[in-house]
Amino acid sequence: MLDKFTQWIEKYLGGPMASIANQRHLRAVRDGIIAALPLIIVGSFFMIVAFPPLPESWGITQFLTANAETILLPYRMSMYIMALYATFGIGASLSKSYDLDQVAGGILAVTAFLLTLVPVSIPEEATEIAGVEGFVLPIANLGGEGMFVGIVTSIIAVEIYRLTDKSNFKITMPEQVPPAVARSFEALTPTLIVILLIGSITYYIGFDWHAFIGNLISPLISAADSLPSVLLLVLLTTFFWFFGIHGLAVIGSIARPLWLQLLEQNSSALAAGESLPTIGAEPFYQWFIWIGGAGATIGLAILLAFRSKSQYGSKLGKTILAPAIFNINEPVIFGVPIVLNPILMIPFIGAPVVLATIAWFATSLGFVNAVTVTAPWTLPGPIGAFLATNGDWRAAVLNVVLIIIAILIYYPFFKVYDKNELAKEQGSAEN
């Protein structure tokens, strides 16, 4: 029965799910946001410097807190305007998929995104106080709140670029002209169309892109920050992985813009000295659910390394343990394998569900701080959890507790797996 179900899944769902993961627009969104990830990670660490996890009585703590506004400037110029960086990455990635010039596509995407913003003139009284004059842009729309607008306008801009290139509706220069100059002239036509189209919609028709799309996605953001939503995303991710499809590639492409908005709400609240409003940002998954990788497979890796009686399990465990500590779990998923393994399917799906539930209530009840920082995903779990929660030692303890729980959940299924491997080895030795 299980074999038939597995075959049905592979036949009817495997192909479509793989196609979704490789759909060019979703892939461009994923790659564009990931391209901005180094800025988000580095910028986030200035939050820790401005609000260090040290006793308030220490002189260094008082100094850093007193100068927090200045310390946070790199954070504001990275995390606060991450949509601007991600938009360029999305445009460049989508252009590459169409064999178009990546730089031109990225610039067009940024242009289209900026044309959704309405510059505001600085009042005279504010000019005297701030010491600046001219126009300002609403910076809130350059961060997480503007991410979905950036995604939409980036796709529109690059599709216009593709249509003008495909129809040859462009200025073509002689072969003697340097390639860089030729590409600039080829981009003139799509640039004109993008500026006229997006600019007219924003400034002459008066359409508020950010309010319109914000109203559309606000229910999604609210729903994403709930335990049922977290559990659903966990189930979908592990379900895809079980059939060899990169679950985070599918789910992350859709959910990551929402996760970034949730994270920005927390980091902004921390910078303003307010209570943290959200739980389910992406670092919550990374440090309290995907410990060792999707499926919380660090539990299985530890068991294989230290409790296997079979030679294959023992050697495999010692090989995969180091990558698992740094959250690289493809060796576990494909080496054991977990893919299409009905014995290990249960803990692979069940362990993250249990961990997510425990971590959710621990955070919501105030036992640990909510996440505010995007720590590098290759850090060992306790260290990553400590940094992601702005230096909360309780988060590191929770991470260790969750690893122990993952080990306990995997243990009975590991015993069955190891017993089967040992029987195979003994049977081969007898023959």
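Things worth noting here:
- Entry remark, segment 263-317: residues being part of a helix (DSSP H, G or I) and under 30 Å from S218 (Cβ atoms) number 16 in total.
- Within segment 299-333, the only residue that satisfies the criterion of being under 21 Å from L402 (Cβ atoms), in contact (Cβ under 8 Å) with a residue 40 or more places away in the chain and aromatic (F, W, Y) is F326.
- Output for segment 315-344, where each listed residue is polar (S, T, N, Q), surrounded by fewer than 19 Cβ atoms within 10 Å (Cβ to Cβ) and under 16 Å from Y410 (Cα atoms): N341
- All positions within segment 221-256 that are among the aliphatic types (A, V, I, L, M), within 16 Å of the chain's Cα centre (by Cα) and modelled with pLDDT under 80: I221, A224, L248, A249, V250, I251, I254
- Top-ranked residue in segment 156-178 [being under 16 Å from L108 (Cα atoms) and out of contact with any helix residue (DSSP H, G or I) (no Cβ under 7 Å at 6 or more places or on another chain); ranked as least open to solvent (accessible area, probe 1.4 Å)]: E159
- If you go through segment 384-395 and keep only what is more than 19 Å from the chain's Cα centre (by Cα) and open to solvent by 20 Å² or more (accessible area, probe 1.4 Å), you end up with W393, R394.
- Candidate set: segment 184-196, residues that are of a type outside the set (S, T, N, Q) and in contact (Cβ under 8 Å) with a residue 40 or more places away in the chain; chosen: the one most open to solvent (accessible area, probe 1.4 Å): I195
- Residues satisfying the stated conditions in segment 133-155, i.e. open to solvent by less than 20 Å² (accessible area, probe 1.4 Å), modelled with pLDDT under 85 and not in a loop (DSSP other than H, G, I, E, B): G144
- First in segment 258-274 and over 16 Å from P74 (Cα atoms), second anywhere and hydrophobic (A, V, I, L, M, F, W, C) and in a loop (DSSP other than H, G, I, E, B), Cβ under 6 Å, 6 or more apart: W259/A281; L262/A281; L263/A281; N266/L276; N266/A370; A269/L276
- Residues (surrounded by fewer than 20 Cβ atoms within 10 Å (Cβ to Cβ) and not aliphatic (A, V, I, L, M)) located in segment 396-420: Y411, P412, K415, K419, N420
- The listed residue being small (G, A, S), under 26 Å from F207 (Cβ atoms) and free of Cβ contacts under 8 Å to residues at least 60 places away in the same chain, out of G106, G150, G146, G91: G106
The values are calculated or read from the model by the stated rules, or taken from the named source; none is laboratory data. Given the structure is predicted, the values throughout are model-derived calculations rather than measurements. Counting neighbours? That spans all protein chains shown, and the Cβs are built from the backbone with ideal geometry, glycine included. The accessibility values were calculated without ligands, DNA or RNA, using every heavy atom of the protein model including side chains. Shrake-Rupley method; radii C 1.70, N 1.55, O 1.52, S 1.80 Å.
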